[in-house]
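What follows is a set of notes on a single structure, which appears directly below.
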Amino acid sequence: MRIVVISDTHGNVDGASLILSTVAAVDLVVHLGDHIADIWALAADLPCPVMGVLGNEDRGEPGPFELVIPAAGIAMLAVHGHLFDLNPYLPKEDWDKRMDELVAAARRQNAAAVLFGHTHRPHLEERGGILLVNPGEIYPGGEYSSMAVLTVTGGDIAAEIHRFDRKFYREVLLKIPG
């Protein structure tokens, strides 16, 4: 199963559409909040189902703040990140504490991974046997946009963060093999 994860689009539907068009054979697209309506606007043009969670800027939108996604025999927990008070400028000790809280939340849901947004910064790490994935942002006018591509097979997850510059040059920024 191939899953594309995006977050923090903040109204950049055109940018999100371009980035999503670069990935072939996608089984699911997940939006991790802050303008979740962007994924609903793109859903009709995508060849696969879409899911999403609400972010702190999705006031009045329908939907959950947390979602457990079944994927090829495993579960993944999707959250925006604001509920865990995530901030990329936290001191390392505080950041690590927040990551440990994400791991604990995943374990409570029997999830093998946590997909989170909110920080606008790509993050990919395995911690305590749980994969932590933040796809970054597709922020309008940002220097870089990014997305995560997950491949789930036989209970293993391979994850990559793809980064795009303003000229639409694509590179793999971070990678964890399954």
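Brief remarks follow.
- Residues of the range 1-41 classified as within 19 Å of Val152 (Cα to Cα) and touching a helix residue (DSSP H, G or I) at 6+ places or on another chain (Cβ under 8 Å), total: 6
- All positions within the range 1-15 that are without any contact (Cβ under 8 Å) to a residue 60 or more places away in the chain and surrounded by 15 or more Cβ atoms within 10 Å (Cβ to Cβ): Val13
- Qualifying residue in the range 72-87 (condition: modelled with pLDDT of 95 or more and more than 27 Å from Lys97 (Cα to Cα)): no
- Filter pass, Ala104 being modelled with pLDDT of 95 or more, small (Gly, Ala, Ser), under 30 Å from Gly128 (Cα atoms) and surrounded by fewer than 18 Cβ atoms within 10 Å (Cβ to Cβ): yes
- Residue that is out of contact with any His (no Cβ under 6 Å at 6 or more places or on another chain) and among the aromatic types (Phe, Trp, Tyr), where the choices are Tyr144, Tyr139: Tyr144
- A search for C-beta distances below 7 Å between a residue of the range 53-70 that is at pLDDT 95 or above and of a type in the set (Phe, Trp, Tyr) and any residue that is surrounded by 14 or more Cβ atoms within 10 Å (Cβ to Cβ) and part of a loop (DSSP other than H, G, I, E, B), counting only pairs 6+ apart in sequence or on different chains, returns Phe65/Val53; Phe65/Leu54; Phe65/His80.
- Pairs where the first residue, in the range 97-119, is under 23 Å from Met147 (Cβ atoms) and the second is of a type in the set (Val, Ile, Thr) and in a helix (DSSP H, G or I), C-beta under 9 Å, 6+ apart: Val114/Val103
- Asp100 of a type outside the set (Ser, Thr, Tyr), over 21 Å from Asp27 (Cβ atoms) and out of contact with any helix residue (DSSP H, G or I) (no Cβ under 9 Å at 6 or more places or on another chain): yes
The values are calculated or read from the model by the stated rules, or taken from the named source; none is laboratory data. These numbers were taken from a predicted model, which means no experiment stands behind them. Cβ coordinates were reconstructed from backbone atoms using ideal geometry, including for glycine residues, and neighbour counts include every protein chain displayed.
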